[in-house]
Amino acid sequence: MDNYTVTEKINFRSKAKKQAKHRLRIDMTPMVDLGFLLITFFVITTEMIKPTYMDIAMPKDGGSDMEIGKSYVITVIPNGKEIYYYEGDWNEAKKESRIKAITIPGLRQVISNKKDQLSDLEKYKEGPEGLMLLIKPTARADYKTVVDLLDETTINQVKKYAIVNISKEESDWIRQP
């Protein structure tokens, strides 16, 4: 038999049981902190990537043409990477060689100058509020340029603007070398 006495066997077993009852304790505080950080990150990033949009009032199909005073109109023709503009009537602008290439920042200055010109209320009864910006994109115009032009209308507080089809004469002029 064993060399142990009965009391020693009992003490040996009780020590073994005490060691087995010792449990491992895991601190979950860092895990909870990480969870809250991730939740915060995802909430903030989803708020930042929400799309922004601009309301565009487009006329109904079949609507009648609107008569505009020629002195109030700036026409912008985006064509690929090039942008042209003229003031007033197409035929007069072509005859007087007033059709010019422009950049988006340059358009801001043109609109500002036109508003200053229209602020003479004795000569122009509608004043700067009567300014009309016509955007006539060609088939080569890219979407970004048209959106940039619409942004310029908002930045410059142009109340009247429209996206219209380019005329055949304007299209022919742009295709010329």
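The values are calculated or read from the model by the stated rules, or taken from the named source; none is laboratory data. A quick note: this is a predicted structure, and the numbers were derived from the prediction, not measured. Heads up, the Cβs are rebuilt from the backbone with ideal geometry, glycines too, and the neighbour counts pull from every protein chain shown.
Numbers below:
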item: Region 121-142 - residue that is without any contact (Cβ under 8 Å) to a residue 24 or more places away in the chain and touching a helix residue (DSSP H, G or I) at 6+ places or on another chain (Cβ under 8 Å) and, of those, surrounded by the fewest Cβ atoms within 10 Å (Cβ to Cβ); result: Leu121
item: Set Thr103, Thr145: member being surrounded by fewer than 17 Cβ atoms within 10 Å (Cβ to Cβ), under 24 Å from the mean Cα position of the chain (by Cα) and at pLDDT 85 or above; result: Thr103
item: Filtered residue count, region 148-177, keeping only those that are over 15 Å from Val76 (Cβ atoms) and either surrounded by 14 or more Cβ atoms within 10 Å (Cβ to Cβ) or among the polar types (S, T, N, Q) (or both); result: 2
item: Considering residues of region 117-142 that are of a type outside the set (Val, Ile, Thr) and in a strand (DSSP E or B) only, the residue modelled with the lowest pLDDT; result: Met132
item: Members of region 68-102 that are without any contact (Cβ under 8 Å) to a residue 60 or more places away in the chain, small (Gly, Ala, Ser) and on the phi < 0 side of the Ramachandran plot; result: Ser71, Ala93, Ala101
item: Number of the exception - Gln109 against (1) without any contact (Cβ under 8 Å) to a residue 12 or more places away in the chain; (2) closer than 20 Å to Tyr72 by Cβ; (3) assigned to a loop (DSSP other than H, G, I, E, B); result: (3)
item: Residue within region 56-74 that is surrounded by 10 or more Cβ atoms within 10 Å (Cβ to Cβ), of a type in the set (S, T, N, Q), at pLDDT 70 or above and farther than 30 Å from Ala141 by Cβ present; result: no
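Each row is one residue, and each column tells you yes or no for (1) touching a residue at least 24 places away in the same chain (Cβ under 8 Å); (2) hydrophobic (A, V, I, L, M, F, W, C).
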{"residue": "Gln117", "(1), (2)": "no, no"}
{"residue": "Ile155", "(1), (2)": "yes, yes"}
{"residue": "Lys159", "(1), (2)": "yes, no"}
{"residue": "Ser171", "(1), (2)": "yes, no"}
{"residue": "Gln176", "(1), (2)": "no, no"}
